[in-house]
């Protein structure tokens, strides 16, 4: 007898909706969370799992540690009027 372990299948829409919740719980601005969710889900869908949803635990740890590369506020680029 062979033991088979089945991985649960979760739709990309479910993951796209779930990821922002975890990031918002870590005090990340909502507009950033949607961007992050979209980017990592798209990376996973394209087969680039090392840049996909598997990064979420690393992102959450970086936020908790106050990593300077992680923004918890939204910033907007403004074109130079010159």
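Taking the residues in the range 27-58 that are on the phi < 0 side of the Ramachandran plot and in contact (Cβ under 8 Å) with a residue 40 or more places away in the chain as candidates, determine which candidate is nearest to the chain's Cα centre (by Cα). Looking at residues that are on the phi < 0 side of the Ramachandran plot and in contact (Cβ under 8 Å) with a residue 40 or more places away in the chain, I get 32. Counted as qualifying within the chain are no helices (runs of 4 or more DSSP H), as none has 3 or more residues that are modelled with pLDDT under 85.
The values are calculated or read from the model by the stated rules, or taken from the named source; none is laboratory data. The structure displayed is predicted, hence computed values, not measured ones. No Cβ is skipped: glycine too gets one built from the backbone with ideal geometry, and neighbour counts run over all protein chains shown.
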